[in-house]
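Bear in mind that the values in this text are calculations on the coordinates, not laboratory data. Since the structure is predicted, the reported quantities are computational estimates derived from the model, not experimental observations. Methodologically, a virtual Cβ is constructed for each residue, glycine included, from the backbone with ideal geometry; neighbour enumeration extends over all protein chains shown.
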Amino acid sequence: MYAGSGTVARALAGVNVSAIEGKAGWLVRAALVGRLGAGAETTPRYRLDVRLNEQLQGLGLLSNDAVTRERRTLRARYQLIDLASGEIVLDATAGADAGVDIVSSEYAVIAAEQTALENLSHEIAEQIVTRVATKLRKAG
């Protein structure tokens, strides 16, 4: 979206993404680093701290109490911190959810849950990068 050598792209490259706990955290961080172009600038100007909340909820109960559908929810609270001043430049949230059908194949359900988590991670990262880019564009 902001690729290249423009002002916003340079500002985004100056964002260091802190480690995020868990598998979802690893996926979100990898997506953020890829989208931000983090590391392109040798001295980061900002630090992005992200905390995730992940839930898997059963829906669509049959008469025998078997779950036929799940909803996977991923929420993020993130802060963009100016490393020079320690000031919190941006404090916001992002969220996404996806539905997963429960089928008779356990492998298919596990694969669908994994795919949902990967997709949600990319969606969360995209929301965060868009908001950070907008903030840095206004600040610059």
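Overview of values
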item: Förster radius 30 Å - calculated FRET efficiency between Thr7 and Glu113 (Cβ-Cβ, nearest 0.05); result: 0.15
item: Rounded tilt (10° steps) of 22-36 against the dominant C-alpha axis of the chain; result: 40
item: In degrees, nearest ten, helix 106-139 long axis to first principal axis of the chain (Cα); result: 20
item: Leu90 long-range amide H proximity, modeled H, under 5 Å; result: Leu80
item: Exposed GluC sites (Glu not before Pro) absent: longest stretch of the chain, with sites in DSSP loops and at most 12 other Cβ within 10 Å deemed exposed; result: 22-86
item: Beta bridges per DSSP with both ends in the chain, % antiparallel, nearest 5; result: 90
item: Estimated FRET transfer efficiency when R0 is 41 angstrom, pair Lys138-Gln55 (beta carbons, to 0.05); result: 0.80
item: Column: log10 I(q)/I(0), Debye, Cα scatterers of segment 59-115, q = 0.13, 0.19, 0.20, 0.28 Å⁻¹; result: -0.53, -0.74, -0.78, -1.08
item: Reduced Cα scattering model of the chain, Debye log10 I(q)/I(0), q = 0.09, 0.11, 0.15, 0.20 Å⁻¹; result: -0.33, -0.46, -0.73, -1.09
item: Amide H within-cut-off set for Ile102, under 5 Å, with H built and near neighbours excluded; result: Arg69, Glu70
